[in-house]
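Derivation of every value follows stated rules applied to the coordinates shown; laboratory data play no part. A quick note: this is a predicted structure, and the numbers were derived from the prediction, not measured. Counting neighbours? That spans all protein chains shown, and the Cβs are built from the backbone with ideal geometry, glycine included.
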2 protein chains.
Amino acid sequence: MAPVKHKKRAVVLDTSLFVNPEVRESFGRTPTEAIDCFLSLAEQIPTLDFYMPPSIFEELLNFIEPEKISGDMLVVLQQKPPKKYELTCPAFLLYELIEDVRERVNKGLRVAEKAVRGVTKTGEEEIIKDLRRKYREALREGIIDSKEDVDLILLARELDALLVTADQGIIKWAEKLGVKWLIPPKFMDYLLSSIKRAKLLS
Amino acid sequence: MAPVKHKKRAVVLDTSLFVNPEVRESFGRTPTEAIDCFLSLAEQIPTLDFYMPPSIFEELLNFIEPEKISGDMLVVLQQKPPKKYELTCPAFLLYELIEDVRERVNKGLRVAEKAVRGVTKTGEEEIIKDLRRKYREALREGIIDSKEDVDLILLARELDALLVTADQGIIKWAEKLGVKWLIPPKFMDYLLSSIKRAKLLS
């Protein structure tokens, strides 16, 4: 009997996996260590293809010591941008995005008004600091707000990949678009189980 | 020789055509008059189908005296929502939208900071009024920022229609999506020329 052919599965990685201290815990003490650990595991899983959009890789470079990272990285973690001029998205997403932005913009104005009314009571510098924090919270949290976020979502959609991310805004969109996702604390288990299965298959 | 069959063309109308005083000028003194004038012209053009999304029609109802509008309106100006769960849009639009929102959000914060810093010089109420105007300008102008806007764009895309609108944000998106558009001041000429051609064909 001929062996069953297994189609390779794709996995798309966000930086949070390596950068966020609580998240990378099981992989290493520093981002550089976490990447090394990931590479040594990933190499044992011929059944998975790992990807990262170049824009996300750029972000990652700010946190690691590139000269300490093995050249295996280039082979094991493929850098691929999504085909942004070929992919499409359902039109209802535009409605959701625009409604969401609209609500946030209104919240932002209320935050600003509150700040102005507070100036006479508290000092100006104090108020400005507070304003910045609250404004960013109101307008950015839980929303897709960067090209890098769109890169992750679209690349995962294009490759029908599992998207590993801790970002709530990205997860919300993955849900809308039917993209598989996994939170980083589960990723070590996912890799170990994949290694086990890959061995059984070989 | 059999007569050449002419495929009907579709036209999607925004409210600005009837509501905006400078824009409706050639159609009538009031929105209700402008609609009457439009209907009497439209009826003479069997080669054109006129549409308006229901959400836009809702907006229009705030400006007209519904009891004075002829029942012809329901037949001549078809109310049709876009097929928002079937239509798709190119993914690169998401990038443009998100980059645009991001820039505007940053502008909004700068507007808010300036307002806070101005409080000690000017009165609080004065500053709040100014903040609201500038904030809205920074975050809303020239952007698609409502479900109604998306309805117009998508309906025109679905029907391959000519979109008649004065809204710069909508026109910008029509350009991106290859949707034909016309500014309302040209619409009277468009109708008169269509009447002439319809007569030649009959």
Compute the Rg to Rh ratio over region B:11-56 from the alpha carbon atoms, using the Kirkwood formula for Rh, and round to two decimal places. 0.96
Mind giving me the nanometre distance, one decimal, between the label points for B:Lys114 and A:Phe57, set 7 Å out from Cα along Cα→Cβ? 4.1 nm
List the distances, in nm and shortest first, from the label point of B:Arg29 to the matching label points in every other copy, placing each point 7 Å from Cα along the Cα-to-Cβ direction. 8.5
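Out of the chymotrypsin sites (Phe, Trp or Tyr not before Pro) in region A:63-164, which ones are loop residues according to DSSP with at most 13 other C-beta atoms within 10 Å?
Those that pass, being in a loop and sparsely packed, are A:Tyr85.
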With a cut-off of at most 13 other beta carbons within 10 Å, and DSSP calling the residue loop, which trypsin sites (Lys or Arg not before Pro) in region A:17-103 qualify? Please list them. A:Arg29, A:Lys83
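Of the listed pairs A:Lys84/B:Lys107; A:Lys172/B:Lys147; A:Lys8/A:Lys180, which have alpha-carbon separations greater than 22 Å here?
Among A:Lys84/B:Lys107; A:Lys172/B:Lys147; A:Lys8/A:Lys180, the Cα-Cα distance tops 22 Å for A:Lys84/B:Lys107.
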Summing -39500 (n - 2.57) over every DSSP H run of at least 4 in chain A, dividing by its residue total and rounding to the nearest 500, the 222 nm mean residue ellipticity is -17500 deg cm²/dmol
Taking each residue of B:98-104 in turn, how many C-beta atoms of other protein chains fall within 10 Å of its C-beta, and what is the average? 5
Just subtract the alpha-carbon distance of A:Glu96 and A:Thr30 from 0.36 nm times their residue separation and send over the number in nm, one decimal. 20.0 nm
Sorting from shortest, the nanometre distances separating the label point of A:Asp100 (7 Å past Cα along the line to Cβ) from those of the same residue in the other copies are 1.7
Inter-copy distances for B:Thr120, nm, shortest first, label points 7 Å along Cα→Cβ, are 1.5
At most 14 other C-beta atoms within 10 Å and a DSSP loop state: those are the exposed GluC sites (Glu not before Pro) I care about. Give me the longest piece of chain B that has none. B:142-202
Between B:Asp160, B:Asp151, B:Asp130, which gets the highest mean-square fluctuation from a Gaussian network model of chain B, Cα cutoff 10 Å? B:Asp130
For region A:55-108, treating each Cα as an identical point scatterer without solvent, what Debye log10 I(q)/I(0) comes out at q = 0.30 1/Å? -1.15
Do any trypsin sites (Lys or Arg not before Pro) in region A:166-202 lie in a DSSP loop with no more than 16 other beta carbon atoms within 10 Å, and if so, which? A:Lys180
May I ask you to derive the FRET efficiency for B:Glu43 and A:Asn106 from their Cβ-Cβ distance with R0 = 51 Å, giving the value to the nearest 0.05? 0.75
In whole Hz, the Karplus estimates of ³J(HN,Hα) for region A:191-202 (6.51, -1.76, 1.60; θ = phi - 60°; x where Gly or Pro) are 5, 4, 5, 5, 4, 4, 5, 4, 5, 4, 6, 7
Take the alpha carbon atoms of the protein assembly as shown, find their radius of gyration, then divide it by 2.2 N^0.38 Å using N residues; give the quotient. 1.28
Residues meeting the amide H criterion for A:Gln79 (H placed from the backbone, H to H distance under 5 Å, 5 or more places apart or on another chain) are A:Met52
Give the whole-number value, in cubic angstrom per residue, of the convex hull volume spanned by the C-alpha atoms of region A:91-140. 44 Å³
What is the Cα centroid distance between region A:57-74 and region A:132-202, reported in whole angstrom? 20 Å
Whole-Hz Karplus ³J(HN,Hα) for region B:146-160, in order, using 6.51 cos²θ - 1.76 cosθ + 1.60 and θ = phi - 60°, x for Gly and Pro? 8, 4, 4, 4, 5, 4, 4, 4, 6, 5, 4, 5, 4, 8, 6
In whole angstrom, largest first, the equivalent ellipsoid semi-axes that the Cα gyration tensor gives for region B:46-146 are 40, 23, 8
Once amide H atoms are built 1.01 Å from N in the peptide plane, which residues 5 or more positions from A:Ala91, or in another chain, come under 5 Å H to H? B:Leu87, B:Thr88, B:Cys89
Per residue Cα convex hull volume for chain B, in cubic angstrom? 150 Å³
